[in-house]
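Working notes, beginning with the structure itself.
The values are calculated or read from the model by the stated rules, or taken from the named source; none is laboratory data. Predicted model, so just to flag it, every value in this text is computed and none were measured. Note: ideal-geometry Cβ built from the backbone for every residue, glycine included; neighbour counts use all protein chains shown.
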Amino acid sequence: MVSSDKKILLQLTFAEYEGIGTWYEYLAKYKHFKKLKEIKNILIAGLPQEYGISSEMILFSINGCNITVLDNRKNKLESFKKIAEKFNVADKIKLVYSENLEKFPFKDNSFDLVLNTEVIQRVNNHKKMVQEMERVSSKHIFVFASNAYYYAHYLITKIKTFKLKELKKYCSLKIIDSGYLDRPPWPAGVAISSSKISFTEGSKSKERETYEKENKKDNFLISLIKNIFISITPSLVVLESLCPSPFREMFSHICYVHLIKK
């Protein structure tokens, strides 16, 4: 059975026309976020380069947190706003446009949690961005980056990647956790539409976006496959941590660091 928060994360995933793979990523990160205490103000320090728009953080607005979203692309900010409106939390979301993601327009210690996912590759000075994240946070900082060892990033996504040891070099504050996450047990690039399964389209599937907007019905087989994956995915995320470290390093989509300011 899928819990309430996990159901909301699934709804948020579908609201941005992403699939089960993105939900898996959101669940993997949620395992870390739900451990944090006394989080009231959150900064999303840039939205992802291509896949998803960090809509999983809207769950925290639903649960009472205030969220500020910083980015240098107005269309991405607008997309985030539309999803927030769908979930009736637009009043808890502040959108901030800034062309410079290496200098944040916020005072020191303004946020309890500062994070971003696959954003660091979009700036020239990676260390400077992390330093800004450290400056404006009063407690926690998470930096999620594309894992350099994962084959799909250089074969499919073409996103700039990072090794974990490289990511750590950009950090000045104490690292209390680091590692790899988001290792779904299916190939990268899988997309499930109303009538077929594609192994080449992935998150770029325009067909999926079209049929969801038009409320097309899944055929029986596709509906069955989706329901099975929705049922087992939360358990697969839990089991991910049991995989041997070399396996996680080679096959996880994301590497991350968790910093704390005391």
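Of note:
- Single condition Leu12 does not satisfy, out of (1) touching a Ser or Thr at 6+ places or on another chain (Cβ under 6 Å); (2) within 23 Å of Lys160 (Cα to Cα): (2)
- The listed residues are Val136, Val130, and the only one of them that is surrounded by 14 or more Cβ atoms within 10 Å (Cβ to Cβ) and either at pLDDT below 95 or farther than 20 Å from Ile254 by Cα (or both) turns out to be Val136.
- Single residue of segment 123-139 satisfying the filter (touching a strand residue (DSSP E or B) at 6+ places or on another chain (Cβ under 7 Å) and in a helix (DSSP H, G or I)) that is farthest from Lys40 (Cα to Cα): Val130
- Considering residues of segment 246-262 that are of a type in the set (Lys, Arg) and either exposed (fewer than 14 other Cβ atoms within 10 Å of the Cβ) or within 23 Å of Asp112 (Cα to Cα) (or both) only, the residue modelled with the highest pLDDT: Lys261
Yes/no per residue for (1) under 22 Å from Arg183 (Cα atoms); (2) without any contact (Cβ under 8 Å) to a residue 40 or more places away in the chain:
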residue: Ile8; (1), (2): yes, no
residue: Lys29; (1), (2): yes, no
residue: Lys37; (1), (2): no, yes
residue: Ile53; (1), (2): yes, yes
residue: Ser61; (1), (2): no, yes
residue: Lys76; (1), (2): no, yes
residue: Lys86; (1), (2): no, no
residue: Tyr97; (1), (2): no, yes
residue: Phe106; (1), (2): no, no
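Yes/no matrix, rows are residues, columns are (1) more than 17 Å from the chain's Cα centre (by Cα); (2) outside any helix (DSSP H, G or I); (3) at negative phi; (4) among the polar types (S, T, N, Q):
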| position | (1), (2), (3), (4) |
| --- | --- |
| Ile141 | no, yes, yes, no |
| Tyr154 | yes, no, yes, no |
| Ile159 | no, yes, yes, no |
| Glu166 | yes, no, yes, no |
| Ser172 | yes, yes, yes, yes |
| Ile176 | yes, yes, yes, no |
| Tyr180 | no, yes, yes, no |
| Trp186 | yes, yes, yes, no |
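- Test result for Leu47, among the aliphatic types (A, V, I, L, M), in contact with a helix residue (DSSP H, G or I) (Cβ under 6 Å, 6 or more places away or on another chain) and part of a loop (DSSP other than H, G, I, E, B): yes
- Filter pass, Gly46 being at pLDDT below 95 and at positive phi: no
- Residue count, segment 93-103 (criterion: touching a helix residue (DSSP H, G or I) at 6+ places or on another chain (Cβ under 9 Å) and either under 22 Å from Gln121 (Cα atoms) or surrounded by fewer than 18 Cβ atoms within 10 Å (Cβ to Cβ) (or both)): 6
- Inspection of segment 104-114 identifies no residue that is under 19 Å from the mean Cα position of the chain (by Cα), outside any helix (DSSP H, G or I), surrounded by fewer than 19 Cβ atoms within 10 Å (Cβ to Cβ) and charged (D, E, K, R).
- Among the residues here, Glu38 qualifies as surrounded by fewer than 21 Cβ atoms within 10 Å (Cβ to Cβ) and either assigned to a loop (DSSP other than H, G, I, E, B) or among the hydrophobic types (A, V, I, L, M, F, W, C) (or both).
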